[in-house]
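Quick note: the coordinates plus some simple rules give every number you see, no bench work behind them. Fair warning: this is a prediction, and the values are worked out from it, not measured in the lab. When we count neighbours, we look across all protein chains shown, and the Cβ atoms used for this are built from the backbone with ideal geometry, even at glycine.
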Amino acid sequence: FGSTTKLIQRNPSFATVSAEDIKHFKEILGEKSVIEDEDRLSIANVDWMNKYKGSSKLLLQPRSSDEVSRILKYCNSRRLAVVPQGGNTGLVGGSVPVFDEVIINLGSMNSIISFDEVSGILVCEAGCILENLDSFLANKGFIMPLDLGAKGSCQIGGNVSTNAGGLRFVRYGSLHGNILGLEAVLANGTVLDMLSTLCKDNTGYDLKQLFIGSEGSLGIVTKVSILTPPKLSSTNLAFLACNDYISCQKLLLEAKRKLGEVLSAFEFLDNQSMDMVLTHLEGVRNPIPPSEYNFYVLIETTGSDESYDREKLEAFLLSSMEGGLISDGVVAQDMNQASSFWRIREGITEAVMKAGAVYKYDLSLPVEKMYQIVEEMRLRLGPAAKVLGYGHLGDANLHLNISTSQYDDNVFAQIEPFVYEWTSGNRGSISAEHGLGLMKANEIHYSKSSETVQLMASIKKLFDSNGILNPYKVLPQSLLP
Ligand code: FAD
Ligand code: 2HG
Ligand code: ZN
């Protein structure tokens, strides 16, 4: 599935799990949380895409930070490698073992610790599922600052560890800003209490930031403190068609100018992505038939004054229509219709999975260049592949998905390293929001200088001197302890 996977060798300094180890884990966790059952392991060993597969014989389910600490302290002393696992929805092969690493799943640590109804600050354990947190907050009149298609399974600890972006990023920004504090357990079992609930705190280095987006390579995130925004009363969603990419870009600029503070999502998909969804997902229809447009854009507004927000959106849509930026469009009339629009955008990942093999790239690029790589890829691959371009246009984040009936080395050789070289040549990022995981550990140099990568490797050594935490991921194997 890629160059990284083919080059990896099991690190010979790691031990293998013995009967004695299992006995010790049962003493720490009790019988039920030490899982050797083949069926449960076969699920935990494979990623969401069914693309990356490990052969771990052991899954541990701690219920407290203290249990995580005792597990890691023991694993470190025994040189047993581990892979932290949340909802296992990651798309870069980071959440499953490569060989026989012990899987530490956080799913049993799913309590809400506190919620401050004045400040909107939520403190919870890392295994809470994103959608459950959002439902909890809805009852209190707040929302999570992030939303993504995998919300029903992904965990806040996984979101933090991947620095997930998603659909609300354009409004509420990165988790680097929204996460106020963390508790994390280091490889040697040290529990780092950085669980601040303060918005401002400039006392020394902001170490929690290192855990945001480090994909379980520096520690296991056990608790999270997060600033949540108030739930506003009026939401509108428009599903629009544009004839060319330049119109999508101009529409984005206009939306930022004219919708300003109420703009809460700006997403796009191309005609090929729409086709994929219509072909492979049941009950989905194009809200603007016939489906002949080249691009579709979803614009969501969220504000606190229903008639003002609606008027603002309508005036924006009218002027964009008159200016020729939009060819057609429809505004959702109720929540059901709005979810059916979102289903199209959020369903692309699922649809493309059903179509066969998929090569996924998650790129940050200058917005005016972003779609060029989709077109170049189409020319390179010809009819052998379906090339889809969609994503978070408001954040200049392209999801380039290449769909073929089966995995094929010749197709792969046409895609990589071209896609990385092209991205690097345009000073883009080869991972906008999904992370590097196993898939791109060897490709980090396309987006980071060698000095930067060296410093990352030094930090990794400082935090995890035996390299037991999520080995083979994030950094090239040659630089890992
Ligand atoms: P996992 O997949 O279990 O793990 C991901 C990584 O984090 C692994 O490296 C793992 O070792 C590490 N990890 C997990 N939990 C912890 C922990 N507690 N402590 C330390 N390390 C940990 N991503 C986006 O950014 N934006 C999107 O819009 C988006 N949409 C998606 C839609 C679909 C349908 C799917 C399947 C995935 C999508 N993703 C998206 C990718 C994925 O959902 C996110 O990366 C998510 O944040 C992963 O959370 P998880 O709990 O499933 O983590
Ligand atoms: C999205 O925005 C996700 O839908 C998944 O980040 C993208 O499947 C993908 O490539
Ligand atoms: Zn995305």
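Computed over the stretch 3-108, the convex hull of the alpha-carbon atoms projects to a mean area of 6.6 nm².
For the stretch 356-434, what is the charge dipole size about the Cα centre, in debye to the nearest 20, if Lys and Arg each add +1 at the Cβ and Asp and Glu each add -1 at the Cβ?
Values: 6 positive and 10 negative charges, 28 e Å.
The dipole magnitude comes to about 140 debye.
Think of the stretch 229-380 as having a plus end and a minus end, set by charges on the Cβ of Lys, Arg, Asp and Glu; of Gly329, Leu318, Ala351, Ala351 sits farthest toward the positive end of this dipole.
DSSP beta bridges confined to the chain are antiparallel in about 90 percent of cases. The packing ranking of peptides 168-174, 67-73, highest mean first, is 67-73, 168-174, where packing means the average number of other beta carbon atoms within 10 angstrom of each residue.
Computed from point charges on the beta carbon alone (+1 for Lys and Arg, -1 for Asp and Glu), the dipole magnitude for the chain about its Cα centre is near 1020 Debye. Checking the cross-link pairs Lys23/Lys223; Lys140/Lys223; Lys32/Lys354; Lys53/Lys473 against a 23 Å limit on the alpha carbon distance flags Lys23/Lys223; Lys32/Lys354 as lying beyond it. The charge dipole of the stretch 19-138, taken about the Cα centre with unit charges on the Cβ atoms of Lys, Arg (+1) and Asp, Glu (-1), comes to about 440 debye, rounded to the nearest 20.
For the stretch 415-481, trypsin sites (Lys or Arg not before Pro) are listed when DSSP marks them as loop and at most 13 other Cβ atoms sit within 10 Å of their Cβ; the list is Arg427. In order along the stretch 210-220, phi translates into HN-Hα couplings of 5, 7, 7, x, 8, 6, x, 8, 10, x, 9 Hz, rounded to whole numbers, per the Karplus curve 6.51 cos²θ - 1.76 cosθ + 1.60 with θ = phi - 60° and x for Gly and Pro. Rounded to the nearest Å, what's the spacing between the alpha carbon centres of the stretch 28-56 and the stretch 342-358? Just the number, please. So the two Cα centres are separated by 25 Å. Report, in degrees rounded to the nearest 10, the 0 to 90 angle that the Cα long axis of helix 271-280 makes with the longest principal axis of the chain. It is inclined by approximately 70 degrees.
Of the GluC sites (Glu not before Pro) found in the stretch 227-315, the ones in coil according to DSSP and having at most 11 other Cβ atoms within 10 Å of their Cβ are Glu282.
Short-range pairs are left out: with C-alpha atoms under 8 Å and at least six residues apart, the relative contact order of the stretch 356-434 is 44 percent. With the helix formula -39500 (n - 2.57) applied to DSSP H stretches of n ≥ 4, the chain reaches a computed 222 nm mean residue ellipticity of -10000 deg cm²/dmol. Of the residues Tyr172, Val68, Cys199, the one whose Cα sits farthest toward the positive end of the charge dipole of the chain, with +1 on the Cβ of Lys and Arg and -1 on the Cβ of Asp and Glu, is Val68. Distant-in-sequence amide contacts of Val102, defined by a placed amide H-H separation under 5 Å and a gap of 5 or more residues or a different chain, comprise Ala81, Val82, Val83.
Simple rule: put +1 on each Lys or Arg Cβ and -1 on each Asp or Glu Cβ in the stretch 327-440, find the dipole, and look at Ser364, Leu381, Asn397; the Cα lying farthest toward the positive end is Leu381.
Spatially, the stretch 111-175 and the stretch 239-310 are offset by 24 Å when compared through their Cα centroids.
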